[in-house]
1. Taking amide H positions as placed 1.01 Å from N in the peptide plane, with prolines and chain starts having none, which residues 5 or more places from Val180, or on another chain, fall under 5 Å of its amide H?
2. Evaluate the charge dipole of the chain about its Cα centre and quote only its size in Debye, nearest 20, assuming +1 on the Cβ of each Lys and Arg and -1 on the Cβ of each Asp and Glu.
3. For mean projected area of the Cα convex hull in nm², pick the label among (i) 32.1; (ii) 23.6; (iii) 25.9 that corresponds to the value derived from the coordinates.
4. Relative contact order for the chain: what percent, with Cα pairs under 8 Å and sequence separation of 6 or more?
5. What is the percent carbon and sulfur in the accessible area of the chain, measuring with a 1.4 Å probe over the protein chains and ignoring ligands?
6. Strictly over 31 Å apart at the Cα level, which of Lys131/Lys192; Lys74/Lys192; Lys332/Lys451; Lys18/Lys74; Lys18/Lys451; Lys18/Lys309 would you flag in this model?
7. Per DSSP H run of at least 4 residues, take -39500 (n - 2.57); add these up for the chain, divide by its residues and hand me the 222 nm value, nearest 500 deg cm²/dmol.
8. Please list, ordered by chain and number, the residues whose modelled amide H lies under 5 Å from the amide H of Ile29; skip anything fewer than 5 residues away on the same chain.
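The values are calculated or read from the model by the stated rules, or taken from the named source; none is laboratory data. Source: prediction; values computed, not measured. Glycine also receives a Cβ, built like all others from the backbone with ideal geometry; neighbour counts cover every protein chain displayed. Areas reflect the complete protein model, heavy atoms only, side chains present, ligands, DNA and RNA absent. Shrake-Rupley method; radii C 1.70, N 1.55, O 1.52, S 1.80 Å.
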Amino acid sequence: MQKIAIIGSGPMALYALKHLFNTESPVEIAIFEASSVAGVGMPYQPAMNADYMLCNAFSREIPSVTRPLLSWLKDRPKRELSEWELSRHDLAARAFYPRVLIGEYLQAEFEALCEKAAAKGHTVTVHTDCKVTNIEVQDGKPALYVGGQQRGANWIFDDVIIASGHSWPTSPAIDDVDLVSPWPYTNITSLKAGDIGILGSSLSAIDIVVALGHAHGTFDETGDQVTWLPADGSEALRVTMVSHLGIMPEGDFYYPFPYEPLQHLTDEAVGKEVGKGPDGLLDRVFALLCAELDACDPEYLASFAPSAKTVEGFAPAYFERRRELGGLRAVKRDLAQVRESLEQKHTIAHRYALLRGHAVFDLALRELSESDYSRFLEHLMPVFGDCYAAVPHLSLARVIALYDAGVLELLATGEDSSFAKRSDGSIEVETEDGPITFDTMIDARGQSPSKVADLPFPSLVASVDDGDAALLRPFELNVNGLNAGRVFCLALPQLLERHPFAQGLVECHELAGIAVRQIARHANK
């Protein structure tokens, strides 16, 4: 029986297990989880996240394992739902739920899948409190070490899947200024009320803002409009998000799901352009995106200068329009518009095209030259990132409540930002509006890409042919001496190096499937 190890037990590992479950021949699977609880993953762990932090994927978008999220929720006892301030009336395919609740679902699905796998003839063993510290080649196969020890032949495998999830610095910094890590969330909630800066203004920053609001006051969410009142002793709270452009992602809006097919930016059209070679590939695929935008909303690109139809010119036009609307005032206006979009089932055409388009655009990214990939990251990735980071309405309403209470600002640093530690311990940030000083600053920049050489397995890294090379599909590492086994890397930081859209449950499901299909092809030879 083929022996497979999975390092990690979060969403990527869960979906890898699902795909392995569906393979034709029985396999022996060992899962190694560093924490005491398997099947959840860092973004959904209660120790890392507060129960008011919302997942920005609605329930129907989350790939099922043994059953859809909505089906699982409908089977929860009334008492359990009430603990989450939910009733059966609240359960809907278009609803957003707390990340910790999603974690409970993932854990339940993990346990259910392990049971079903055993019934199908697979063998699944789960090792918790078991941190893999090294991977070494022995007799042509990968051997795992835990706590510096390799525990006999049982820890030598045919295939290893590294699904270790996120990797966060414990002491983040910028320009030699120490920042506060947002993980676990208690790092945020333990901060004293004062002048608090947040580096970033996307989804992680929104979570931090909401966490500070809960820690230092109370949100009243009983009426049509959310309000916030400070707790006694927290009147000094002032929170400022600072980011390059000083804008937040827009709110979730109505769109048909599953996605309607695109007309111009299709898999076939991108494949045809890829077949012509890398020279000019980015510009050709971007032209398909422009054709798509023109088809769905002829007035959108026409409202910009002609330069908006170039790779370098699109983002400035896109974001300048967003900036013209005006910071947090625009967030209030945006919330009213997207609420109307959902109520009227009205699709915002250009946003829907960009949302669908990022997944198709992704098909060309590994084929780009290095210079064109750098152009993509600089000029187009910020737009796609802004589009698929749609914010749940309740999160936006909480942000607006803090803004209306006079405790929240959003500022742009612009091109010439700088961060400096002052003699009194405070932090000074140069923004487009001039310098601003904070008592402390929280890092909300999200997960950074890393190279294979940065994996925490020294023997494996030393044996990899090129630890600086981009990780490409099917994610199999080229390891010297590994002639009777394989190692697949699905660790998020390493994926992000050349798969910038890799974050999210949908992507976990897809990428895990690619690796497992490669494993199955080898097994069937």
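1. Those lying under 5 Å, H to H, from Val180 are Met441, Ile442, Asp443.
2. 1680
3. Checking each listed value against the structure points to (iii).
4. Over the chain, the number comes to 21 percent.
5. Working: 11100 of 22860 Å².
It is 49 percent, rounded to a whole number.
6. Numbers: Lys131/Lys192 34 Å; Lys74/Lys192 40 Å; Lys332/Lys451 40 Å; Lys18/Lys74 22 Å; Lys18/Lys451 27 Å; Lys18/Lys309 42 Å.
In this structure, Lys131/Lys192; Lys74/Lys192; Lys332/Lys451; Lys18/Lys309 exceed 31 Å between Cα atoms.
7. On the way: 18 runs with 197 residues, N = 525.
Mean residue ellipticity, 222 nm, calculated: -11500 deg cm²/dmol.
8. The answer is Ile4, Thr123, Val124, Thr125.
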